[in-house]
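Asker: Before we start, here is the structure in question, set down as structure tokens.
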Amino acid sequence: MSALAKASGALKSVDYEVFGRVQVSHYFPNQYTEQEAKKLGVVGWVKNTRQGTVTGQVQGPEEKVNEMKSWLSKVGSPSSRIDKTNFSNEKEISKLDFSDFNTRY
């Protein structure tokens with residue numbers, strides 16, 4: 001990942017929270033979010049909250065982070081309904097804080 005990140009230019013980090021019907025099953029959004037993140041080559045984490053939202057952080061090349069932001073805002077899991085997605089703490093970073101994308105419990 002680090003070679004890819006260096007070749008792709010600026011690294012970005014962004015926190016997110018997804019609102020709507022997003023905790024449809026025990027596996028969502030975690031399974032689908034993990035799959036999409038790994039497909040795009042970004043790192044970070046995802047977690048269901050007690051408030052019924054999904055929160056997490058994504059890091060990687062700027063272009064890939066932007067693709068993940070779009071997926072989190074518009075696509076999600078097949079049975080989810082996304083009402084809104086808030087992004088915060090978006091910043092350029094010098095190195096990745098994670099080596100993979102994982103679910104937190």
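The values are calculated or read from the model by the stated rules, or taken from the named source; none is laboratory data. All of these numbers come straight from a predicted model, not from anything done at the bench. Backbone-built Cβ (ideal geometry, glycine too); neighbour counts: all protein chains shown. Ligands, DNA and RNA are excluded from the accessible area calculation, which covers all protein heavy atoms including side chains. Shrake-Rupley method; radii C 1.70, N 1.55, O 1.52, S 1.80 Å.
Asker: Just subtract the alpha-carbon distance of LYS47 and ASP15 from 0.36 nm times their residue separation and send over the number in nm, one decimal. Provide the component values of the computation, followed by the final result.
Answerer: On the way: separation 32, 0.36 × 32 = 11.52 nm, distance 1.16 nm.
Net length gain for the segment: 10.4 nm.
Asker: Would you mind working out the accessible area per residue for the range 33-103, using a 1.4 Å probe, and quoting it in Å²? It would help to have the intermediate numbers written out before the result.
Answerer: Values: 3940 Å² over 71 residues.
Spelled out: the 1.4 Å probe surface of the range 33-103, per residue, equals 56 Å².
Asker: If the reach is capped at under 23 angstrom between alpha carbons, list the lysines near LYS95, excluding any in the same chain fewer than eight residues apart.
Answerer: Reachable lysines: LYS6, LYS12, LYS38, LYS39, LYS47, LYS64, LYS69.
Asker: Let me ask another. Hey, if we sort TYR32, TYR16, TYR105 by accessible area with the 1.4 Å probe, largest down, what's the order? Mind showing how you got there, number by number?
Answerer: Details: TYR32 80, TYR16 5, TYR105 200 Å².
Accessible-area ranking of TYR32, TYR16, TYR105, largest first: TYR105, TYR32, TYR16.
Asker: Moving on. Under a plain spin-label model, where a point goes 7 Å from the Cα along Cα-to-Cβ, how far apart in nm are SER79 and ASP97?
Answerer: Output for this residue pair reads 3.3 nm.
Asker: Probe radius 1.4 Å, ligands and nucleic acids ignored: give me the carbon and sulfur share of the accessible area of the range 23-93 as a rounded percent. Intermediate results must be reported in sequence, preceding the final value.
Answerer: Working: 1670 of 3870 Å².
That fraction is 43 percent.
Asker: Could I ask something else about it? What nm distance separates the two modelled labels at ASN86 and GLN31, each placed 7 Å from Cα along Cα→Cβ?
Answerer: Each label point is offset 7 Å from its Cα along the Cβ direction, giving 2.9 nm.
Asker: Provide the gained length on full extension for the span SER70 to LYS39, in nm with one decimal, where the gain is 0.36 nm per separating residue minus the Cα-Cα distance. Provide the component values of the computation, followed by the final result.
Answerer: On the way: separation 31, 0.36 × 31 = 11.16 nm, distance 1.41 nm.
Full extension from SER70 to LYS39 adds 9.7 nm.
Asker: Still on this structure, please answer the following. Starting from one equal scatterer on each C-alpha and no solvent at all, send me the Debye-based log10 I(q)/I(0) for the range 23-93 at q = 0.21, 0.28 Å⁻¹, two decimals.
Answerer: Listed by q, the Debye log ratios stand at -0.90, -1.58.
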